[in-house]
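Take a look at the structure below.
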Amino acid sequence: MLSVFKSIPSHMDYKGQKLAEQIFQGVILISAVIGFVYGLVIEQFGWTVYIVLAGFVVSCVLTLPPWPMYRKNPLSWQPIIPEINPEPTQKPQETLKKKKHK
Amino acid sequence: MNTVLSRANSLFAFSLSVMAALTFGCFVTTAFKDRRVPVDIHVSRVMLKNVDDFTGPRERSDLGFITFDLSPIFDWNVKQLFLYLSAEYTTKSNSLNQVVLWDKIVLRGENPKLNLRDMKSKYFFFDDGNGLRANKNITLSLSWNVVPNAGVLPLVGGSGQVSLPFPETYETTRSY
């Protein structure tokens, strides 16, 4: 079952990771300030906790899945160069294997 | 922050730190508040007995009449209040005695204006020795312990007190 989850790609590029971190820190801090002021006004600390939890859920939805806005600056990898001569690298390994069997 | 798990880890740790800072802020906003409230106590009957199987204990059946209003104490940092009525007196053997006669737990959300009539003492008023007979001055005072959501637990005394003298003789049990 776990292999299904591992095969879903969840990477972001570097600028996207920075953007995601700024987004969730900002959302949680704003919800904390709103929650603190609201709890102070109505005099119940439970509402402060609920508002911060709501901010946590919102930032989970915004930053955990890899949305396309986090993949706008992909790294430019070099194109794949195919190998030209595979044989000279394989032969010494074969001779080594034969010596070990004896 | 490349995988979902590492993003979830940093998000969760950040929100826990923010929650801890908010709880500290909640404590700071109510730490220096004065939690005393005027209290009115009346006592209607006092009875004194001497029971043999314990060194000079007394039993007191005291019909009290207490009114007070505790709603200014309940703010957003108070979870419950623990009230207790204590009697304080001096005897020849001990210079200060304090005995708790009655207590009550008041939760947040219950009616804070308490008007208690005809309350009997919940616990026995035993004395360590024979010091209650003909004691001139016994002071009853109501105090409470504030249980907060975050921070210290202050012990506050109410501002009303009642002093009364105890009778000179024991109650004699009638034999038929």
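Coordinate-derived values only; no laboratory data. Predicted, not measured: the structure shown is a model, and the values here were computed from it. Positions of Cβ are generated from backbone atoms using ideal geometry, with glycine treated the same way; all protein chains shown enter the neighbour counts.
Points to keep in mind about this one:
- The set of residues from segment A:1-38 being in a helix (DSSP H, G or I) and in contact (Cβ under 8 Å) with a residue 60 or more places away in the chain comprises just one member, A:14.
- Taking the criterion of being at the interface with chain B (Cβ under 8 Å from one of its Cβ atoms) and farther than 16 Å from residue B:6 by Cα, no residue of segment A:56-79 qualifies.
- Some residue of segment A:44-52 being polar (S, T, N, Q) and under 30 Å from residue B:150 (Cα atoms): yes
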